[in-house]
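Student: The structure follows.
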Amino acid sequence: MQKNESLIELKNVIKCFNGSIQKFTALNNVNMVIKKGEFVVLTGKSGSGKSTLLNMISGIDVPTSGHIIVNNVPLHNMSGNQLAIWRGTNIGIVFQFFQLLPTLTVLENVILPMEFAGIIPISQQRKRGIELLESVGLQNQLNKYPNLLSGGEKQRVAIARSLANNPKIIVADEPTGNLDSFNAEIIYDLFNFLNQQGKTIIYVTHDRNINLNYTRIVKLVDGQIDEIIINEESQFNNTGVSL
Ligand code: ADP
Ligand code: MG
């Protein structure tokens, strides 16, 4: 598989929020191209625009101006409804506070996005859910409710759920922000594995000690890209071609 195709393009992206007193510019002319197979880490201080940028890429929110093209689809022209449908099949999302539904079992939480999107045949949804939970080491917790799980286990359920419809892109917003270092390592390993499997990953963190095989770190300051650090040791940057 060639890895040098552009998968995500942001052109002159500006995002303003209308506060009660004045307009606030959360993203100030962001330009970025993310290639297929990349593992991009977004960093920056709290309030620098990381979540806002991630929300633009995942279609959770739309820019005030500028273009966002993901997998050849121009998101900036889409309605909220269109975006929700598109997101359900094209993006896996992992949040800091897991966002599992407490009234559904672990397995039901993972199957739910399959039911919404209707891409995985109904007859295969349960089997796929079990396999995804096996892949994150939770095969013994299928029928538990989320409140009985540890934080690390909840995040592994959320990762399994993000894979439900086999998206090309996974975005994660501080997924280890609420975990101890032992559980954080397990989550790092899972993201490294997913990237090796060909998923393109955009991962927000302000932790400096990350054991992630990232291709680039992009640092935001006040809604602008301030610095880009390329990981020379990444296979991606050395060859441009995956194994
Ligand atoms: P980060 O994730 O880097 O901490 P965010 O992207 O969440 O930062 O926020 C960037 C800035 O935009 C912050 O100053 C925040 O207060 C502001 N902001 C984010 N979302 C909204 C919103 N819905 N309404 C108003 N201001 C917002
Ligand atoms: Mg944030």
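The values are calculated or read from the model by the stated rules, or taken from the named source; none is laboratory data. Note that the structure is predicted; figures quoted are calculated from it, not measured. Don't worry about glycine lacking a Cβ; one is built from the backbone with ideal geometry, like all the others, and counts go over all protein chains shown. Quick note on the areas: whole protein, heavy atoms, side chains included, nothing else; ligands and nucleic acids left out. Shrake-Rupley method; radii C 1.70, N 1.55, O 1.52, S 1.80 Å.
Student: Can you give me the Cα centroid spacing of the stretch 118-193 and the stretch 50-65 in angstrom?
Tutor: 23 Å
Student: Accessible area, 1.4 Å probe, largest first: how do Arg156, Arg126 sort?
Tutor: Descending order: Arg126, Arg156.
Student: Working from Cα positions, state the angle (0 to 90°, nearest 10) between the long axis of helix 106-117 and the longest principal axis of the chain.
Tutor: Taking the Cα atoms of the chain, the angle to 106-117 is about 60 degrees.
Student: With a/c under 1.5 counting as rounded, go ahead and sort the stretch 103-148 into rounded, prolate or oblate using the C-alpha gyration tensor (a ≥ b ≥ c being the square roots of the eigenvalues; past the cut-off, prolate if a/b is larger than b/c, else oblate). Display every interim value, and only then the final one.
Tutor: Values: a/c = 2.63, a/b = 1.47, b/c = 1.79.
Judged from the Cα gyration tensor, the stretch 103-148 comes out oblate (a/c at least 1.5, b/c at or above a/b).
Student: OK, next. Please state the shape class of the stretch 117-190: rounded when a/c is under 1.5, otherwise prolate if a/b exceeds b/c and oblate if not, all from the C-alpha gyration tensor.
Tutor: Judged from the Cα gyration tensor, the stretch 117-190 comes out oblate (a/c at least 1.5, b/c at or above a/b).
Student: When only C-alpha pairs under 8 Å and at least 6 residues apart count, what is the relative contact order of the stretch 6-61, in percent?
Tutor: Reported as a whole number, the value is 32 percent.
Student: Let me ask something else about it. What distance in nm separates the simple spin-label points at Asn29 and Asp226, each placed 7 Å from Cα in the Cβ direction?
Tutor: In this crude label model, Asn29 to Asp226 measures out at 1.8 nm.
Student: Okay, next question. Just to verify a number: FRET efficiency for Lys45 and Ser20, C-beta to C-beta distance, R0 = 30 Å, to 0.05? Intermediate results must be reported in sequence, preceding the final value.
Tutor: Working: r = 23 Å, r/R0 = 0.78.
So, using R0 = 30 Å, E works out to roughly 0.80.
Student: With every protein chain left in place, what is the accessible area per residue of the chain in square angstrom, probe 1.4 Å?
Tutor: Heavy-atom accessible area per residue stands at 50 Å².
Student: Using only DSSP helix segments of four residues or longer, with each worth -39500 (n - 2.57), what per-residue ellipticity at 222 nm results for the chain after dividing by its residue count and rounding to 500?
Tutor: Counting only the DSSP helices, I get -10000 deg cm²/dmol.
Student: Dividing the alpha-carbon radius of gyration of the chain by 2.2 N^0.38 Å (N being the number of residues), what value is obtained? The partial results should precede the final answer.
Tutor: Working: Rg = 17.7 Å, N = 243, 2.2 N^0.38 = 17.7 Å.
So the chain has a normalised radius of gyration of 1.00.
Student: Between Phe98, Phe116, Phe182, which gets the highest mean-square fluctuation from a Gaussian network model of the chain, Cα cutoff 10 Å?
Tutor: Answer for the Gaussian network model of the chain: Phe182.
Student: On a 0 to 90° scale, report how tilted helix 181-196 is relative to the longest principal axis of the chain, with both axes built from alpha carbons and the result rounded to the nearest 10.
Tutor: Tilt of helix 181-196: around 80 degrees.
Student: Next up: For the stretch 1-150, with all protein chains present and a 1.4 Å probe, just round the carbon and sulfur fraction of the accessible area to a whole percent.
Tutor: Within the stretch 1-150, the accessible surface is 51 percent carbon and sulfur.
Student: Another question, if that's okay. Mind giving me the nanometre distance, one decimal, between the label points for Lys11 and Phe182, set 7 Å out from Cα along Cα→Cβ?
Tutor: With each label placed 7 Å out from Cα toward Cβ, I get 5.0 nm.
Student: Would you kindly state how much longer the chain becomes between Val73 and Asn211 on full extension, computed as 0.36 nm times their sequence separation minus their alpha carbon distance, in nm to one decimal?
Tutor: Working: separation 138, 0.36 × 138 = 49.68 nm, distance 3.21 nm.
Result for the pair: 46.5 nm of gain on full extension.
Student: Give the shape of the stretch 86-212 as rounded, prolate or oblate, defined through the alpha-carbon gyration tensor: a ≥ b ≥ c are the square roots of its eigenvalues, a/c under 1.5 means rounded, and otherwise the shape is prolate if a/b is larger than b/c and oblate if not.
Tutor: In terms of gyration-tensor shape, oblate.
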